[in-house]
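Here's the structure, in structure tokens; my notes come after.
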Amino acid sequence: MKNEVLFMYFNEGMSVSNIAKTLGKSRTNIYSILKENERYESESKIRRKNKKTKIEERQEKIREMFYKKNMKVLEIANILNISNALVTRTIKADSDYKNEKLRRKEENIKINKERKKIAIRRKRSVNKEEEMKVLLMLQRQNAISMSRRTKLSNRRMIIMNLNHYNYNPLNESLEFVENCGSKPNDLPTKINLHGR
């Protein structure tokens, strides 16, 4: 097993955790085997340095994506295949974080206001369209009812033009008043109220 551990660590570049999982041993067992080898100390230093460099590169990438590309935490985490918490921790450690957070908050408020305005405009235009549909429908109905050729009765004609008639109590009838102007042909000269 000792040779396997050394081969995996030095030749294949596997981490202690991965070696422990592969062989089904504890990390303490793997460390004790590695520490017996004189190459472990120098290899461990190189790996720590490389890890630190990778972390710094990743942090720089996160900052660039967040501040310059204006990306969200979730988007960065998905692209870099890391957790949201790690992204948040990295950007919160930056001195510009508070200013950037405030700027984004103000920007979101503006965007939301614009969205509300657009929604109100759309709603109004829909309401206007509905009103126009109703008005057009009423106009069509009125046009149809006005275009029908229905003959009005004398009584109905007088009721519609009542201000041009006077009541004659002797005959108990309504009579057309000549001083209102010339009588149209379709208006009766008089009408008996009791049908005499």
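When you scan the stretch 77-115, how many residues do you find that are in contact with a helix residue (DSSP H, G or I) (Cβ under 7 Å, 6 or more places away or on another chain) and among the acidic types (Asp, Glu)?
The number of residues fulfilling the criteria is 3.
Need a quick list: helices (runs of 4 or more DSSP H) entirely within the stretch 71-157 having at least 1 residues that are under 30 Å from LEU187 (Cβ atoms) and at pLDDT below 80.
Because the criterion is at least 1 residues that are under 30 Å from LEU187 (Cβ atoms) and at pLDDT below 80, the helices (runs of 4 or more DSSP H) in the stretch 71-157 that meet it are 97-147.
Somewhere in the stretch 34-49, is a residue of a type outside the set (D, E, K, R), modelled with pLDDT of 90 or more and part of a helix (DSSP H, G or I)?
No, that holds for no residue.
Just to check your reading of the model, which residue among LYS61, LYS45, LYS51 is surrounded by 11 or more Cβ atoms within 10 Å (Cβ to Cβ), among the basic types (Lys, Arg) and more than 30 Å from GLU107 (Cβ to Cβ)?
That would be LYS51, the only listed residue that is surrounded by 11 or more Cβ atoms within 10 Å (Cβ to Cβ), among the basic types (Lys, Arg) and more than 30 Å from GLU107 (Cβ to Cβ).
Being not charged (D, E, K, R) and not in a helix (DSSP H, G or I) is the filter here, so list the residues in the stretch 158-174 that pass it.
ASN161, TYR165, ASN166, TYR167, ASN168, PRO169, LEU170, ASN171, SER173, LEU174
Would you call ILE118 in contact with a helix residue (DSSP H, G or I) (Cβ under 8 Å, 6 or more places away or on another chain), surrounded by 10 or more Cβ atoms within 10 Å (Cβ to Cβ) and farther than 30 Å from MET1 by Cα? Quick ask: steps written out before the conclusion?
On the way: in contact with a helix residue (DSSP H, G or I) (Cβ under 8 Å, 6 or more places away or on another chain): no; surrounded by 10 or more Cβ atoms within 10 Å (Cβ to Cβ): yes; farther than 30 Å from MET1 by Cα: yes.
Taking the combined requirement at face value, the residue does not satisfy it.
The values are calculated or read from the model by the stated rules, or taken from the named source; none is laboratory data. What you are looking at is a predicted structure, and each value in this text was computed from that prediction instead of being measured. Here the Cβ is made from the backbone with ideal geometry for all residues, glycine too, and neighbour counts use every protein chain on show.
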